[in-house]
Structures are given as structure tokens and as C-alpha cells.
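Everything on this sheet refers to the single structure shown next.
The values are calculated or read from the model by the stated rules, or taken from the named source; none is laboratory data. Owing to the predicted nature of the structure, the values given are computational and were not obtained by experimental measurement. Cβ atoms come from the backbone with ideal geometry, glycine included; neighbour counts cover every protein chain shown.
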Amino acid sequence: MSRGVGYVVDTGDDRGAITQNILVVEDKPETCEFLKAMLERNGYMVRVATDGGQAHSTFAMYKPDIVLLDLILPGESGFEICERLKAQRDTVPVLVLSAIDLESSRNLAAKAGADGYLSKPIRESVLLESITSISQAAFRRAHRDKSKDEGAIRFSCRCGKRFKVSVQRQGKIMTCTSCGDPLTVPRQT
């Protein structure tokens, strides 16, 4: 279901993760152009970084909903970038897109905090499906109240405003007091 630019990712229980802004970290211009055009054609807003420095500053400034990350980059490796991004905001999913198709690389990426790993070349349908499934999983993790005995659900609006509401309000619609967008209170799982 579309909601402006980007997509509301159906999580199967009347709530959804909003995946709208994507940060692509890739140093090969032709790969960057291909990914950017393909993602924009599918309704996403895309920012591109070609090295670790650009990745960190773009991540901090534009607060992407998901990061697509190559592993072989000039200067800092994708593994190092992933660790640093996750240290800043561990709820933002990172999907590795790499020409390296080794189990040891997949394991190291997972240890660095990556939420998924695809080997290049990547089919458009597989990439879009992976973005959806990884966004769903990250949304569930981020919006689950860690202290269920409190009887509260914690969640955030796209604008960054944080909310804490009682479990009795799960599934109900409310309006963000910061930006005015309608929100559905996530269901506690």
C-alpha cells in the first residue's frame, strides 16, 4: 500500500513500517546509478555515498530508513561502516550488497550488525523483496516494548517524535503532535 513516496510495509497486523528513504553506499558509479534509478522508479528517495566518510555524514543528516551497503569501499570497509552505523542507530536496518559470496563474509557482516546479505549481481525483485522483509523485521524489533510489565508501547513517527502509550491503545489511530501525520499505534508482540 503506497503512502506518499516510499511504502508502508505490511506487517500483517494493521500496522506498518514506513520505508521511504534509502542510503546506498557504493563506490562504483555504474552500480550507484543502476540502484538509484531502480529504487526511485519503485517510489523510494535515494541518497548515495561512495565511501565511509560520506556514508556517516549522510546517515546522520538524512536519517535513512534502510542502508544498502557494499563491503569493498575505499578507506573504511563495509564491515566497519556497518558497525559504526549500528552504534549510532541500531534500529536502522543494513542490507549488504556485495560481490563477495562467501559464508565467512556473511558471518562477519552479521557480527558487524547487518540485517541481510545479498550477492551481486542482484535481481530487482529479490532486492525489493529483501528491503520489505528486512524493514518488517526491524520495525517489529524497534516497536516492541522491551518492558511488557510496564503496560506501555513505545514507537516513533517518521518525523522522529517518540511516543509511549498504554497497551490499551494498540491498533488505534492517533495524530502525531509534532508533524500532524496520522499514526497507528503498533500492536505489542
Can you name the number of the only condition in (1) in contact with an Asp or Glu (Cβ under 8 Å, 6 or more places away or on another chain); (2) modelled with pLDDT of 95 or more; (3) over 30 Å from residue 185 (Cβ atoms); (4) of a type outside the set (Phe, Trp, Tyr) that residue 74 fails?
(2)
Answer yes or no as to whether residue 46 is surrounded by 19 or more Cβ atoms within 10 Å (Cβ to Cβ) and at negative phi.
no
Given the conditions (1) under 22 Å from residue 100 (Cβ atoms); (2) surrounded by fewer than 16 Cβ atoms within 10 Å (Cβ to Cβ); (3) basic (Lys, Arg); (4) modelled with pLDDT under 95, report the number of the one that residue 86 does not fulfil.
(2)
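Being surrounded by 13 or more Cβ atoms within 10 Å (Cβ to Cβ), closer than 22 Å to residue 19 by Cα and among the acidic types (Asp, Glu): is that true of residue 115 here? So that I can check it myself, show each step before the final result.
Details: surrounded by 13 or more Cβ atoms within 10 Å (Cβ to Cβ): yes; closer than 22 Å to residue 19 by Cα: yes; among the acidic types (Asp, Glu): yes.
Yes; evaluated as a whole, the condition is true for this residue.
Filter region 60-81 down to residues that are among the charged types (D, E, K, R), at negative phi and surrounded by fewer than 19 Cβ atoms within 10 Å (Cβ to Cβ), then give me how many there are.
Quick first cut of region 60-81, residues among the charged types (D, E, K, R) only: 63, 65, 70, 76, 80.
Adding the requirement that they be at negative phi leaves 65, 70, 76, 80.
From the residues that got through so far, the ones that are surrounded by fewer than 19 Cβ atoms within 10 Å (Cβ to Cβ) too are 76, 80.
So the answer is 2.
Please find, among 95, 127, the residue that is touching a residue at least 40 places away in the same chain (Cβ under 8 Å) and under 15 Å from the mean Cα position of the chain (by Cα).
Details: 95 fails: touching a residue at least 40 places away in the same chain (Cβ under 8 Å).
Within the list 95, 127, the selection yields 127.
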Restricting to region 138-159, count the residues that are modelled with pLDDT of 70 or more and charged (D, E, K, R).
4
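Whether any residue in region 51-59 is among the acidic types (Asp, Glu) and either buried (at least 17 other Cβ atoms within 10 Å of the Cβ) or farther than 25 Å from residue 123 by Cβ (or both) is what I want to check.
Restricting attention to region 51-59, the residues satisfying the condition of being among the acidic types (Asp, Glu) are 51.
With the extra rule that they be either buried (at least 17 other Cβ atoms within 10 Å of the Cβ) or farther than 25 Å from residue 123 by Cβ (or both), the set shrinks to 51.
Checked region 51-59: at least one residue is among the acidic types (Asp, Glu) and either buried (at least 17 other Cβ atoms within 10 Å of the Cβ) or farther than 25 Å from residue 123 by Cβ (or both).
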Scan region 103-112 and give yes if some residue there is within 14 Å of residue 134 (Cβ to Cβ), surrounded by 21 or more Cβ atoms within 10 Å (Cβ to Cβ) and modelled with pLDDT of 95 or more, otherwise no.
yes
